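Below is one structure; the comments refer to it alone.
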């Protein structure tokens with residue numbers, strides 16, 4: 001996906017203002033017949049309470065490595081910023097009561113949504129073979145498709161079915177980034193495909209209307225469409241395998257098979273890639289809590305995958321931290337490596353790190369993500385609380401020591 005796929009600028013002194021698609025007509029349609037109850041095999045690449053929303057079938061029991069309903073809730077950090085904005089006129093939820101035109105949004109982005117089937121083979125005593133089902137979004141007219149890495153993880157072959165087509169096409173995996181749960185696919189020798197318009201997740205506000213489109217439960221007959229709002233921004237998830245940052249939280253219903261599908265704003269532009277949902281566990285309850293990778297974060301990663309460029313080395317602070325048991329916001333330092341960047345900056349066990357370079361840190365996962373976002377040698381400002389006093393020091397990040 002080229003950066004040119006982002007919004008084109010309009011000449012003039014003032015930036016263009018996107019307006020929602022025209023409201024739906026007021027006609028009341030009779031209720032649709034209820035869909036038959038459908039069950040599907042469940043599988044997750046994430047922690048017990050966090051479900052990566054892809055569907056596996058045919059031998060998936062041998063592949064499953066995590067239960068879906070383990071105890072506790074997923075590790076989720078982040079603030080829900082105020083929905084007030086000077087650009088409120090461009091938002092879908094207007095004071096005048098403008099209605100979100102779901103049908104118009106689907107007409108705009110639906111042709112760019114594809115269903116994905118991947119033949120999966122995993123070696124080892126707990127391995128096996130089966131099929132994964134997910135969703136993708138066409139991002140270039142010559143056949144580039146973005147999806148989640150967990151949809152095609154371990155795939156020996158990938159098939160995609162375009163909107164309006166009956167015959168599946170073969171796609172190749174250009175590259176994948178498991179840590180950020182993104183993959184780039186390519187259909188060879190095609191042109192003129194309907195590429196989705198990409199929005200700017202930086203412009204998204206809490207409370208904005210959104211629509212999720214995807215291959216839910218791998219149901220036949222086309223994608224499933226659900227609507228909701230942006231519930232929170234800049235969420236951080238510790239998946240057990242990696243830490244994902246900058247996620248958009250939504251209450252739009254997301255089910256298994258939605259992985260890789262678009263989260264779309266009221267103007268029909270993709271602002272996120274649906275990746276995971278929170279699931280109820282022992283002693284906890286979760287409903288309508290889904291997460292999408294912000295498109296602004298996805299674009300540079302997909303560019304790197306397209307160019308087969310390795311990810312930059314991550315910085316290393318040299319601490320072990322945990323989430324405070326008393327509900328405080330920050331990362332509580334448990335230990336500091338001798339000679340590390342943290343030790344040289346004067347950080348000690350018991351310190352509560354609350355910010356990195358002025359950006360709030362809400363927990364241990366958020367601290368790790370903030371540090372890894374910088375390269376070795378980068379000086380970062382670490383704000384922490386010690387003995388009820390707030391201090392700020394500068395730490396020159398290093399490279400993680402070789403085991």
Taking the range 326-343 on its own, how many of its residues are touching a strand residue (DSSP E or B) at 6+ places or on another chain (Cβ under 9 Å) and farther than 17 Å from residue 397 by Cα?
6
Could you list, in sequence order, the residues of the range 135-156 that are under 14 Å from the mean Cα position of the chain (by Cα) and assigned to a strand (DSSP E or B)?
135, 136, 137, 146, 147
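I'd like to check something: does the range 220-227 contain any residue that is part of a loop (DSSP other than H, G, I, E, B), in contact (Cβ under 8 Å) with a residue 12 or more places away in the chain and surrounded by fewer than 18 Cβ atoms within 10 Å (Cβ to Cβ)?
Yes - at least one qualifying residue is present in the range 220-227.
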Please determine, by comparing only the residues of the range 359-377 that are closer than 17 Å to residue 235 by Cα and assigned to a loop (DSSP other than H, G, I, E, B), which one is nearest to the chain's Cα centre (by Cα).
373
Please count how many residues of the range 233-277 are without any contact (Cβ under 8 Å) to a residue 60 or more places away in the chain and either surrounded by 24 or more Cβ atoms within 10 Å (Cβ to Cβ) or not in a strand (DSSP E or B) (or both).
6
Working only within the range 100-133, note down all residues that are in contact with a helix residue (DSSP H, G or I) (Cβ under 7 Å, 6 or more places away or on another chain) and under 16 Å from residue 196 (Cβ atoms).
116
Restricting attention to the range 300-324, and to residues there that are assigned to a loop (DSSP other than H, G, I, E, B) and in contact with a strand residue (DSSP E or B) (Cβ under 8 Å, 6 or more places away or on another chain), which single residue is surrounded by the most Cβ atoms within 10 Å (Cβ to Cβ)?
317
Residue within the range 119-132 that is surrounded by 18 or more Cβ atoms within 10 Å (Cβ to Cβ), under 17 Å from residue 262 (Cβ atoms) and touching a strand residue (DSSP E or B) at 6+ places or on another chain (Cβ under 6 Å) present:
no
Would you confirm whether any residue within the range 175-186 is crowded, with 17+ Cβ neighbours inside 10 Å and not in a strand (DSSP E or B)?
yes
Identify, please: which residue in the range 187-214 is surrounded by fewer than 18 Cβ atoms within 10 Å (Cβ to Cβ) and in contact with a helix residue (DSSP H, G or I) (Cβ under 7 Å, 6 or more places away or on another chain) and is, among those, farthest from residue 235 (Cα to Cα)?
194
When residues of the range 201-215 are filtered for being farther than 16 Å from residue 109 by Cβ and touching a strand residue (DSSP E or B) at 6+ places or on another chain (Cβ under 6 Å), how many remain?
2
If we keep just the residues of the range 358-394 that are touching a helix residue (DSSP H, G or I) at 6+ places or on another chain (Cβ under 8 Å) and at pLDDT 95 or above, which is surrounded by the most Cβ atoms within 10 Å (Cβ to Cβ)?
382
Scan the range 304-326 and report the pairs whose first residue is under 12 Å from residue 363 (Cα atoms) and whose second residue is assigned to a loop (DSSP other than H, G, I, E, B), with Cβ atoms within less than 7 Å and a gap of 6+ or a chain change.
323/363; 324/330
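For the condition at pLDDT below 95, over 17 Å from the mean Cα position of the chain (by Cα) and on the phi > 0 side of the Ramachandran plot, what is the one hit in 283, 246, 257?
283
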In the range 208-229, residue modelled with the highest pLDDT [restricted to those that are within 13 Å of residue 114 (Cβ to Cβ) and under 17 Å from the mean Cα position of the chain (by Cα)]:
213
Test: residue in the range 335-347 that is free of Cβ contacts under 8 Å to residues at least 24 places away in the same chain, in a loop (DSSP other than H, G, I, E, B) and under 30 Å from residue 115 (Cα atoms)
no
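The values are calculated or read from the model by the stated rules, or taken from the named source; none is laboratory data. If you're wondering where the values come from, they're calculated on a predicted model, not measured in any experiment. Note that each Cβ is placed from the backbone with ideal geometry, even for glycine, and that neighbours are counted across all protein chains shown.
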